[in-house]
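Colleague: Structure in structure tokens, see below.
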Amino acid sequence: MPNVVTRFAPSPTGRLTIGGVRTALFSWLYARRHEGKFILRIEDTDQERSTPENVQVILDSLSWLGIDWDEGPYFQARRMELYRKEAERLVAEGKAYRCVCTKEELDARRKEMEARKEKPRYDGRCRSVPEAAKAGLPSVIRFRTPPDGETEVRDLVLKKTIVFRNSELDDLILIRSDGWPTYNFVVAVDDSSMRVTHVLRGDDHLNNTPKQILIYDALGYPVPHFGHFPLIHGTEGGKMSKREGKDFDDPSSLGYYPRHGFLPEAVVNYLARLGWGHGDQEIFTVEELKSLFSLEGTNNSASRFDMTKLLHLDAHWIKAADPARLARLLLPFLKDRGIEASEGERLVKVVRTLQERSRTLEEMADAAEFYFREKPTDPKASAKFLTPEIAPVLRDIAEAFSSLDPFTPSGMEETLHAVVERHGGNLKVHQPIRVALTGGTASPGLFEVMEILGRDEVVRRLGGAAGRIGA
Ligand code: GLU
């Protein structure tokens, strides 16, 4: 399909949610699939609630995910002239009109309508008043919505046509009395001036679409295609709700994932599958997604967020990742735990032993701790494995290891065998050694662990553990 243009148009009024990111991802993938253009537009006309910090979060999050844009970011607050000019044009063409009804008048009429059990709407009083008669009065600009007829939304994601009666749509305000334009108007002006061909967004905007279609028509612009993605529900069955506190504490915010050690390729893979499918394939690289994504494959019903599945995918992508890259990504997580490691061969070796066992970088950092400092021994493991009879054995192993050079797995194995033989041959020493070295009963392979810890540290920890037994 030639010349596909999509856009992501977030409002920087709050957190960037997982749902918002999925919209960005699908819009981006659709553009990439069709070798089109993807535009980033920041919808900051709500000046009170928009903040530069929220804008930065949007930019950082998209970069983290690898979602790049070909144009923008545009900021609506810097495009006021265009919106005012277009609104004036509609007034001049009779497709919009100034409304000078005061707030008090509107309130009073709304109450009357409510008392008559009518749906509150603007009663059109200023429609037929000549513009000249309203000059100089405080006013808003309203859209002259066609009173009759219907507006159809053919939805490429919901895969159906939704019909709205124009009489239900009200004469919506295009420009407020303070001169600021409203959402439905700026979206229509921007999508047309930016030549957007496919408007893809959450289905919370579905009811806005007929209003925007009428505005495109009035402005004389071609109407784009539309697709509305059903919302993402939380695992509890409700809408995925936002939590109080920082965005990185809240799994419904994108900010949670980098902070908790998820890989971007896993989040992209998960979000793509959450609302889109290609047969029963679960694992997708970004490159595959760029070549496979289609609107036909999107779900037309709500999807359910499932953290277990996401963790499963993250584990997959951690296993598949380059250990040197993981080592670099792991550094801040180690630092958070007070561990100053350096990027280098040793850290890469540490990562290799943990890649199969960690679902996130956070888990990997926890599991890596014993490589950098001795951890308190788990009392249960200690009671079971660091028994009085094992103390002399550990001491002898430490002693024998201290002169083992080079300190290689085969040398370690022979040494262990010899010491065990000396103590009667019928002893299980691997678990006691593991507990002495790592503080617990689960760790990567014992010989790998010892090789990375190094001879001196192994000797020190074994001797220390033996000394503590019975103390
Ligand atoms: N700014 C709107 C929002 O963040 C999206 C507008 C659109 O995609 O049309 O909900």
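The values are calculated or read from the model by the stated rules, or taken from the named source; none is laboratory data. The shown structure was predicted, so the numbers you read here are calculated from the model rather than taken from an experiment. Cβ atoms come from the backbone with ideal geometry, glycine included; neighbour counts cover every protein chain shown. The area values use the complete protein model at the heavy-atom level, side chains included, leaving out ligands, DNA and RNA. Shrake-Rupley method; radii C 1.70, N 1.55, O 1.52, S 1.80 Å.
Colleague: Taking the stretch 1-23 on its own, how many of its residues are assigned to a loop (DSSP other than H, G, I, E, B), within 10 Å of the ligand (Cβ to nearest atom) and polar (S, T, N, Q)?
Modeller: 2
Colleague: Additional query: If I filter the stretch 123-173 down to residues being basic (Lys, Arg), in contact with a Lys or Arg (Cβ under 7 Å, 6 or more places away or on another chain) and part of a loop (DSSP other than H, G, I, E, B), which single residue comes out as surrounded by the most Cβ atoms within 10 Å (Cβ to Cβ)?
Modeller: Arg144
Colleague: Given the condition within 16 Å of the ligand (Cβ to nearest atom) and either among the small types (Gly, Ala, Ser) or part of a loop (DSSP other than H, G, I, E, B) (or both), answer yes or no: does some residue in the stretch 83-94 qualify?
Modeller: no
Colleague: If I ask for residues that are open to solvent by 70 Å² or more (accessible area, probe 1.4 Å) and closer than 30 Å to Leu331 by Cβ, which ones from the stretch 376-394 would you list?
Modeller: Result: Pro376, single match.
Colleague: Can you say whether Leu174 is under 33 Å from the mean Cα position of the chain (by Cα), in contact (Cβ under 8 Å) with a residue 24 or more places away in the chain and under 25 Å from Arg89 (Cα atoms), as far as the supplied structure shows?
Modeller: Judged against the criteria, Leu174 is a match.
Colleague: Please go through the stretch 59-68 and pick out each residue that is without any contact (Cβ under 8 Å) to a residue 60 or more places away in the chain and open to solvent by 30 Å² or more (accessible area, probe 1.4 Å).
Modeller: Leu59, Asp60, Ser63, Asp68, listed by residue number.
Colleague: Looking only at the stretch 98-112, decide whether some residue is hydrophobic (A, V, I, L, M, F, W, C) and closer than 30 Å to Gly277 by Cβ.
Modeller: no
Colleague: Restricting attention to the stretch 100-120, does a residue exist that is within 20 Å of His205 (Cα to Cα) and either part of a strand (DSSP E or B) or within 42 Å of the chain's Cα centre (by Cα) (or both)?
Modeller: No - not one qualifying residue is present in the stretch 100-120.
Colleague: Can you tell me which of Glu451, Glu413, Glu421 is part of a helix (DSSP H, G or I) and buried (at least 17 other Cβ atoms within 10 Å of the Cβ)?
Modeller: Step by step, each of Glu451, Glu413, Glu421 is checked, and only Glu451 is part of a helix (DSSP H, G or I) and buried (at least 17 other Cβ atoms within 10 Å of the Cβ).
Colleague: In the stretch 109-122, how many are surrounded by 11 or more Cβ atoms within 10 Å (Cβ to Cβ) and among the aliphatic types (A, V, I, L, M)?
Modeller: Total satisfying the criteria: 1.
Colleague: Name the residues in the stretch 350-375 that are among the small types (Gly, Ala, Ser) and open to solvent by 30 Å² or more (accessible area, probe 1.4 Å), would you?
Modeller: Answer for the stretch 350-375, where residues must be among the small types (Gly, Ala, Ser) and open to solvent by 30 Å² or more (accessible area, probe 1.4 Å): just Ala367.
Colleague: Given the conditions (1) more than 16 Å from the ligand (Cβ to nearest atom); (2) in contact (Cβ under 8 Å) with a residue 60 or more places away in the chain, and given that Glu112 satisfies all but one, which numbered condition is not satisfied?
Modeller: Condition not satisfied by Glu112: (2).
Colleague: Okay, next question. Take Phe248 and tell me if it is on the phi < 0 side of the Ramachandran plot and surrounded by 20 or more Cβ atoms within 10 Å (Cβ to Cβ).
Modeller: In short, no.
Colleague: Pick from the stretch 294-323 the residues that are assigned to a helix (DSSP H, G or I) and among the charged types (D, E, K, R): which of them is least open to solvent (accessible area, probe 1.4 Å)?
Modeller: Asp314
Colleague: Arg434: charged (D, E, K, R), assigned to a helix (DSSP H, G or I) and open to solvent by less than 10 Å² (accessible area, probe 1.4 Å), yes or no?
Modeller: no
Colleague: When the stretch 70-100 is examined, which residues are found to be hydrophobic (A, V, I, L, M, F, W, C) and surrounded by fewer than 17 Cβ atoms within 10 Å (Cβ to Cβ)?
Modeller: Phe75, Ala77, Met80, Leu82, Ala92
Colleague: Pick from Leu453, Leu446, Leu437, Leu462: which is at pLDDT 95 or above and over 20 Å from Arg352 (Cβ atoms)?
Modeller: Leu462 is the lone residue from the list that is at pLDDT 95 or above and over 20 Å from Arg352 (Cβ atoms).
Colleague: I've got another one for you. With the requirement that a residue be open to solvent by less than 10 Å² (accessible area, probe 1.4 Å) and either assigned to a strand (DSSP E or B) or within 14 Å of the ligand (Cβ to nearest atom) (or both), what does the stretch 31-58 give you?
Modeller: Residues satisfying the conditions are Phe38, Ile39, Leu40, Arg41, Ile42, Ile58.
Colleague: Of all residues being in contact with a Lys or Arg (Cβ under 8 Å, 6 or more places away or on another chain) and open to solvent by 50 Å² or more (accessible area, probe 1.4 Å) in the stretch 221-245, which is modelled with the lowest pLDDT? Just the residue, please.
Modeller: Thr235
Colleague: Okay, next question. Conditions first: (1) over 17 Å from the mean Cα position of the chain (by Cα); (2) at pLDDT 95 or above; (3) outside any helix (DSSP H, G or I). Ala218 passes all but one, so which condition is the exception?
Modeller: Every condition holds for Ala218 apart from (3).
Colleague: Follow-up. For the stretch 174-201, enumerate the residues that are open to solvent by 20 Å² or more (accessible area, probe 1.4 Å), within 13 Å of the ligand (Cβ to nearest atom) and assigned to a loop (DSSP other than H, G, I, E, B).
Modeller: Across the stretch 174-201, the qualifying residue is only Thr182.
Colleague: Among the residues of the stretch 202-225, write down those that are closer than 24 Å to Arg89 by Cβ and within 11 Å of the ligand (Cβ to nearest atom).
Modeller: Asn208, Thr209, Gln212, Pro224
Colleague: Here's a follow-up. Among the residues that make up the stretch 339-349, is at least one of them open to solvent by 50 Å² or more (accessible area, probe 1.4 Å), of a type in the set (Lys, Arg) and over 27 Å from Ile18 (Cβ atoms)?
Modeller: Yes: one or more hits.
Colleague: So which residues in the stretch 273-293 are open to solvent by 60 Å² or more (accessible area, probe 1.4 Å) and in contact with a Lys or Arg (Cβ under 7 Å, 6 or more places away or on another chain), if there are any at all?
Modeller: Glu282, Ser291 - these are the residues of the stretch 273-293 that are open to solvent by 60 Å² or more (accessible area, probe 1.4 Å) and in contact with a Lys or Arg (Cβ under 7 Å, 6 or more places away or on another chain).
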